[in-house]
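Reading through the structure tokens given below for one structure.
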Amino acid sequence: MAAMNPQTELRVRTLSIHVVTWNVASAAPPPDLSDLLQLNNLNLNLDVYVIGLQEMNCGIMSLLSDTAFEDPWSSFFMDVLSPLSFVKVSSVRMQGLLLLVFAKYQHLPFIQVLSTKSTPTGLFGCWGNKGGVNIFLKFYGYYVSIVNCHLPPHVANNDQRLEHFDRILEMQNFEAQDIPNILDHDLILWFGDMNFRIEDFGLHFVRESIKNQCYSDLWEKDQLSIAKRHDPLLREFQEGPLLFPPTYKFDKNSNNYDTSEKKRKPAWTDRILWRLKRQPQAAVHTPTLSAPHFTLFLRSYVSHMLYSVSDHKPVTSTFDLELKPLVSAPLITLRPESPRTTESDMLISYSLTADFLSSPWDWIGLCKVGLRHINDYVSYVWVRDNQVSFSDGLNQVYIDISDIRETEDQFLLFYYSNNLHSVVGISTPFKIQPRSFLAEGPLDEAQPQI
């Protein structure tokens, strides 16, 4: 992406991010996730969804099916979010752990997927039933790390939980890929089934406190809260107030806490944390340099009691991210051109910024508005193989549209960079004119409807 000109003052932008964590206990998606995704909240104008699931069905047949096809949860989220202009940016799965990132398509040229990683911490440190999955992004020029984890269970295993947390954190080094250490990233979003429990208090006291909504005593004995008081690094991770009842353990298909013989004590096992990069302190006699504007505000931190397919209740946070973009424009600017010289091709013009390094494997995709992911195209063209002209940064290629029927649907063009493994340019929506309309008048009168 093009670097910001020092003389150019970019205004501060506010982007809304909705984070979901849910241990789904091998369940299939329920029919309606509107409340979880805040689809009916008219006061929200979300830009990004970050969704982390734990304990997805990971039996042999299920994993084989999910390898060949999209898993049911990913498909469900794409079906719900794509009509709202959200595109799946990236995903990573390790056995029962799944992490998904969706963004409005307008943001795609400013999101670079740097890396995805799985860190197993289960049996002998090799089994992926516990551990973390990570997506590392550059978001408008800032480094963002997203971690979905599942830590060891049971109240007595708190030291092991903290060891696994540290191990996942230590494994996030990417020196060979020229990515900063995770602690040098501008933002870390860390969430999942962390399995921290409530110490000391008995089952009856905990349940009575929940019934009376008296959570303050329980907060004091929450293992994560205790650990943060003693661990300086963990203390750097912030969390919203726990104003909702503990999210584990429930009888499935009910809002009743565990009535089995084990009668597990309720706990806030499902958590969402974040950490902003610390700014270096200026020396006494050194003028303070103005740091880039990058601030996160928590708007909500809630559980969703409506859902009962699992023994956990899902937890969500909504954030406002205020940032001053470090990039001023996409690396590629695209537009469809008319007239078409044949009935089966459409001419595309695109321009490159001076610092963009193209590859023979770069391609341009044509897709309908409402695409689920970038492979959801209706036609594509290899840029180098089909280039028809270029001059002073302006390039032109033809793309085949012979299989596209006449439709009122709107379309988008996007440019995918093989070097950056990301979309680096996207057009505004347009309609493809019917061929009969193009034949009626002079060629120079037929223009796409941008």
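The values are calculated or read from the model by the stated rules, or taken from the named source; none is laboratory data. Only a predicted model underlies this, so the values are computations on that prediction, with no experimental measurement involved. Because the Cβ atoms are built from the backbone with ideal geometry, glycine has one as well, and the counts that use them run over all protein chains shown. These accessible areas exclude ligands, DNA and RNA; they are computed on the full protein's heavy atoms, side chains included. Shrake-Rupley method; radii C 1.70, N 1.55, O 1.52, S 1.80 Å.
Straight-line reach from residue 249: taking Cα to Cα under 19 Å and skipping same-chain neighbours fewer than 8 places apart, the lysines in range are 130, 211, 221, 262, 263, 265, 313.
Among the GluC sites (Glu not before Pro) found in region 227-271, those both in a DSSP coil and sparsely packed, with 11 or fewer other Cβ atoms within 10 Å of their Cβ, are 261. When the square roots of the Cα gyration tensor eigenvalues are ordered a ≥ b ≥ c, the ratio a/c for region 332-431 is 1.5 or more and a/b does not exceed b/c, which makes its shape oblate. For region 308-386, the pair-distance distribution built from all alpha carbon pairs, in bins 10 Å wide starting at 0, is 12, 30, 28, 15, 12, 4, 0 percent. Potential lengthening of the chain between residue 212 and residue 252 amounts to 12.1 nm, from the contour at 0.36 nm per residue minus the alpha-carbon distance.
Each Lys and Arg contributes +1 and each Asp and Glu -1, all at the Cβ; summed about the Cα centre of the chain, the dipole is approximately 1180 debye. Only lysines eight or more places from residue 104 in sequence, or on another chain, were considered; those with a Cα closer than 22 Å are 88, 138, 324, 368, 431. Sorted largest first by accessible area at a 1.4 angstrom probe radius, with every protein chain in place, the residues 332, 432 fall in the order 432, 332. Remark: the Cα gyration tensor places region 168-272 in the prolate category, a/c being 1.5 or greater and a/b exceeding b/c. Accessible surface of residue 78, taken over heavy atoms with a 1.4 Å probe and every protein chain present, rounds to 0 Å². Here the accessible area is traced with a 1.4 Å probe on the protein chains. For the chain, carbon and sulfur cover 52 percent of it. Taking amide H as placed 1.01 Å from N in the peptide plane, residue 353 has no amide H partner under 5 Å among residues 5 or more places away or on another chain. Taking each residue as 0.36 nm, the span from residue 205 to residue 302 lengthens on full extension beyond its C-alpha to C-alpha distance by 32.6 nm. Solvent exposure of the chain amounts to 48 Å² per residue of accessible area, where only protein heavy atoms count and the probe is 1.4 Å. Of the trypsin sites (Lys or Arg not before Pro) found in region 145-228, none is in coil by DSSP with at most 12 other Cβ atoms within 10 Å of its Cβ.
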